[in-house]
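Peer 1: First the structure, then my questions, so here it is.
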Amino acid sequence: PVEYGGAGLTSMEQFIFKQEMALANAPGVGGQGVSQLGPTLIVHGTEEQKKEHLPKILSGEVNWRQGYSEPGSGSDLASLQTRAVRDGDDFVINGQKIWTSGAHRADWLYALVRTDPEAPKHRGISFLILDKNTPGITIRPLIDMSWRHHFNEVFFEDVRVPASNLIGEENRGWYVGMTLLDFERSNITGAITSRRSIRSLLAYLETDEGAEKSNVTPAVRTAIADRYVETEVMFNFSFRIISMQNANQIPNYEASTSKLFNSELSQSLARTGSSAFGLYAGLWDDEDGRAPLGGRFTKSYVQSVPATIAAGTSEVQRNIIATRGLGLPRG
């Protein structure tokens, strides 16, 4: 909204803007602050919280990252054990988060913490925001199998956070956190990224170098055609999400459908692209001129392994679709 420093664009106008940015392979705007926390603050935040944080998100002054998963609480996120105890005007946090993407580049974090250990596990959780430089926070790198430093461990030791940093109601943070995940799972740029990937593969295979290094058997040719069709299906899932957002609705099982399809598409697209190059797919060093497309599809293959785990496993998404979308009974 304009009153918080934004451009006042409709959801559809934002979709078009993100689509053009993705087509141009330009960097995303605002990261998790714009795509996840900002919309969540608009739904659940106080007026003071909106005025304080939304302008800084939009200006790029503050980079936000998510503190959800823990060593024993990944897919079963509601079993998280990081504690936040009320002490006067503060919460005191102790515990650990893991797989915190980009925490080493963050200025602020948003986290789900347990504030009532006696309550049913979904009911005793609160949503807090905190400055990364608060005393007691330690961040350690986790190097993934593609040799990237993307993930981190985050440790909290007697970290004091003002109670005014609570988003929504105390012990009702699960609903705030799920609102944020619905925005995260919408992923309206994912379809454009997949479309760009399949088209870059086709264009390269038509060059002399691509033809020389390719291994396009009839089976691979069929797989490429399937991936092309699936990228167009994903594009229509994105239109479904944005149509709902443009009507001031918050996607729920629809977002899970989009997330499920896109994460599995990213894996199958990477595998198909790697298969197209046969033994050349074993080369993925940027400095090796023999690597097709700089090893892009091989690196995507390795990097896509956690795609069906991050932001909720495919199994969790299917359960959401079954219960909330199809009305099937639980368990």
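The values are calculated or read from the model by the stated rules, or taken from the named source; none is laboratory data. For clarity, every value in this text was computed on a predicted model and none was experimentally measured. For neighbour counting, all protein chains shown are included, and Cβ atoms are generated from backbone atoms with ideal geometry for every residue, glycine included. Surface areas here come from the heavy atoms of the whole protein model, side chains and all, with no ligands, DNA or RNA. Shrake-Rupley method; radii C 1.70, N 1.55, O 1.52, S 1.80 Å.
Peer 1: Would you check if Gln36 is part of a helix (DSSP H, G or I), surrounded by 19 or more Cβ atoms within 10 Å (Cβ to Cβ) and in contact with a helix residue (DSSP H, G or I) (Cβ under 9 Å, 6 or more places away or on another chain)?
Peer 2: Criteria met by Gln36.
Peer 1: Could you say which residue among Ala247, Ala276, Ala255, Ala223 is in contact (Cβ under 8 Å) with a residue 40 or more places away in the chain and over 15 Å from Leu202 (Cα atoms)? Break it down into steps so the answer makes sense when it comes.
Peer 2: Values: Ala247 fails: in contact (Cβ under 8 Å) with a residue 40 or more places away in the chain; Ala276 fails: over 15 Å from Leu202 (Cα atoms); Ala223 fails: over 15 Å from Leu202 (Cα atoms).
Exactly one of Ala247, Ala276, Ala255, Ala223 is in contact (Cβ under 8 Å) with a residue 40 or more places away in the chain and over 15 Å from Leu202 (Cα atoms), namely Ala255.
Peer 1: Of all residues in segment 304-329 being touching a helix residue (DSSP H, G or I) at 6+ places or on another chain (Cβ under 6 Å) and open to solvent by 60 Å² or more (accessible area, probe 1.4 Å), which is farthest from Gln66 (Cα to Cα)?
Peer 2: Per the criteria, the residue is Leu328.
Peer 1: So in segment 140-152, with the set limited to residues that are over 22 Å from Ser79 (Cα atoms) and in contact (Cβ under 8 Å) with a residue 24 or more places away in the chain, which one is least open to solvent (accessible area, probe 1.4 Å)?
Peer 2: It comes out as Ser146.
Peer 1: Out of Gly168, Gly124, report the one residue that is under 19 Å from Phe91 (Cα atoms), in contact with an Asp or Glu (Cβ under 9 Å, 6 or more places away or on another chain) and in contact (Cβ under 8 Å) with a residue 40 or more places away in the chain.
Peer 2: Numbers: Gly168 fails: in contact with an Asp or Glu (Cβ under 9 Å, 6 or more places away or on another chain).
Every option except Gly124 fails the conditions.
Peer 1: State all residues of segment 275-313 that are closer than 15 Å to Glu212 by Cα and hydroxyl-bearing (Ser, Thr, Tyr); if no residue qualifies, say none.
Peer 2: Passing the criteria: Ser275, Tyr280.
Peer 1: So which pairs qualify, if the first residue must be in segment 78-101 and acidic (Asp, Glu), the second must be open to solvent by less than 10 Å² (accessible area, probe 1.4 Å) and part of a strand (DSSP E or B), the Cβ gap must be under 9 Å, and the two must be at least 6 apart or on different chains?
Peer 2: The qualifying pairs are Asp90/Val161.
Peer 1: Check segment 197-220 and report whether any residue there is over 17 Å from the mean Cα position of the chain (by Cα), of a type outside the set (A, V, I, L, M, F, W, C) and under 18 Å from Ser258 (Cβ atoms).
Peer 2: Looking through segment 197-220, at least one residue is over 17 Å from the mean Cα position of the chain (by Cα), of a type outside the set (A, V, I, L, M, F, W, C) and under 18 Å from Ser258 (Cβ atoms).
Peer 1: Looking at this structure, is Ala307 in a helix (DSSP H, G or I) and modelled with pLDDT of 95 or more?
Peer 2: Answer is no for this residue.
Peer 1: A follow-up question, please. Restricting segment 183-205 to residues that are more than 30 Å from Met244 (Cα to Cα) and either at pLDDT 95 or above or among the basic types (Lys, Arg) (or both), which is surrounded by the fewest Cβ atoms within 10 Å (Cβ to Cβ)?
Peer 2: The selected residue is Ala203.
Peer 1: Can I ask one more? If a residue has to be hydrophobic (A, V, I, L, M, F, W, C) and part of a helix (DSSP H, G or I) to count, how many in segment 1-33 make the cut? Spell out how you get there, then give the answer.
Peer 2: Of all residues in segment 1-33, those hydrophobic (A, V, I, L, M, F, W, C) come to 2, 7, 9, 12, 15-17, 21-24, 26, 29.
Subsequent filtering for residues that are part of a helix (DSSP H, G or I) retains 2, 12, 15-17, 21-23.
Qualifying residue count, segment 1-33: 8.
Peer 1: Output the strands (runs of 3 or more DSSP E) that fall wholly within segment 45-135 and possess 1 or more residues being charged (D, E, K, R) and open to solvent by 70 Å² or more (accessible area, probe 1.4 Å), or say none. First the steps, then the outcome.
Peer 2: Working: elements: 64-67, 83-87, 90-97, 108-114, 125-131.
Correct list: 83-87.
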